[in-house]
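Have a look at the structure below before the remarks.
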Amino acid sequence: MSSLPPPASPMAGAGAEDEARDWAEMPSDALAAVFGKLDVAEILMGAGLVCRAWRRLAATDPTLWRRVDLCHQGDLLETEEAEAMARAAIDRAAGTMEAFWADTFVTDNLLRYISQRAPALKSLQLSLCHYVSNEGFSEAISYFPQLEELDVTFCSLHGNVCDTIGRACPQLKHFRLNERWSILQSEFAPYEGMDDDTEALGIASTMPGLQELQLIGNNLTNDGLMAILDRCPHLESLDIRQCYNIQMDDAMKAKCARIRDVKLPHDSISDFKYRAYIVSSIANSGSDFEVDMYDDLLDVVTEDDDADFDDIDDFDDAGSDGGMYDDDFDL
């Protein structure tokens, strides 16, 4: 009786098939679906550099760049590198970008660059952007009439900026303007007049369509909050945590009762994304959550703190400000 040959290993066939597969020939719609799952940095520093076909798609499909999220890139990259990445993404969006989110590295010049190339912007989030001035921000915001969401957290804006925002962005529905309430304020605010309703009155007079408002650490008083509640009838969410000039008396409680979601001055900030940057007095916070601004920085520390641009050293800085990510394609 003759013996049968051993069955072929299924893994051997799979390996041969993998070796023969040409990933550059992947259908463009399937490749676009894959790229759509990646963030901006993963495309610019990884997938978008794999081969000519992939580079061509990354450079010429504006739908990949409608939502540009570069939060935390300022912690991983040099300012110039992060800004170059942002400019490359803005260029590739070709006027279709609807959302831009970033922190730390954003400057007046970058905001101006966005304002000149993203007329359809609907969402803008900036955090810890100390290089953005009142003047630069006010100039840029005037170019975003379709903006519906604006988040400005721990930046250096002040004064009449809210009035400027409201007049420039009539469709604004979600507004977050967060500041740090410091120990100095908590000790001396009652005596030194550290109360200011300028921003609150700007919101009340120019943003009647607001549905969500977050003002963590603001210096507004009861008068300012009352003005907002009277003139923003569509509010569904209000966050005034660490607004310690607010006194929640019976009249204020009655005013807030109509709002579905309310967070009050002494409520915990443990769910606030940027809590690690807040210097807080435990006596005022009413929370046992201990804030450490030097540790747990947003829980976004990565295993590779020395991330660099080794993968793109061969690319020229030619043409646009984002040229370090540009390639010459045979399109």
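The values are calculated or read from the model by the stated rules, or taken from the named source; none is laboratory data. Just so it is clear, the model here is predicted, and its values are computed rather than measured. Glycine gets a Cβ as well: all are built from the backbone with ideal geometry, and neighbour counts include every protein chain shown. Just so you know, the surface numbers come from the protein's heavy atoms only, side chains and all, with ligands and any DNA or RNA stripped out. Shrake-Rupley method; radii C 1.70, N 1.55, O 1.52, S 1.80 Å.
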Computed over the range 82-164, the convex hull of the Cα set has an average projected area, in nm², of 4.6
Under a 1.4 Å probe, counting only protein heavy atoms, THR206 has an accessible area in Å², nearest 10, of 20
Extension length gain for ASP69 and ASP261 (0.36 nm per residue less Cα distance), in nm, is 66.4 nm
For the range 142-182, dividing by residue count, accessible area per residue (probe 1.4 Å) in Å² works out to 40
Projected onto their principal axes, the Cα atoms of the range 128-175 stretch, largest extent first, over whole-Å spans of 26, 18, 16
Amide H proximity to VAL152 below 5 Å, modelled H, separation 5+ or other chain, gives LEU126, ARG176, LEU177, ASN178
Plugging the Cβ-Cβ distance of ASN134 and SER205 into 1/(1 + (r/R0)^6) at R0 = 22 Å yields, to the nearest 0.05, a FRET efficiency of 0.75
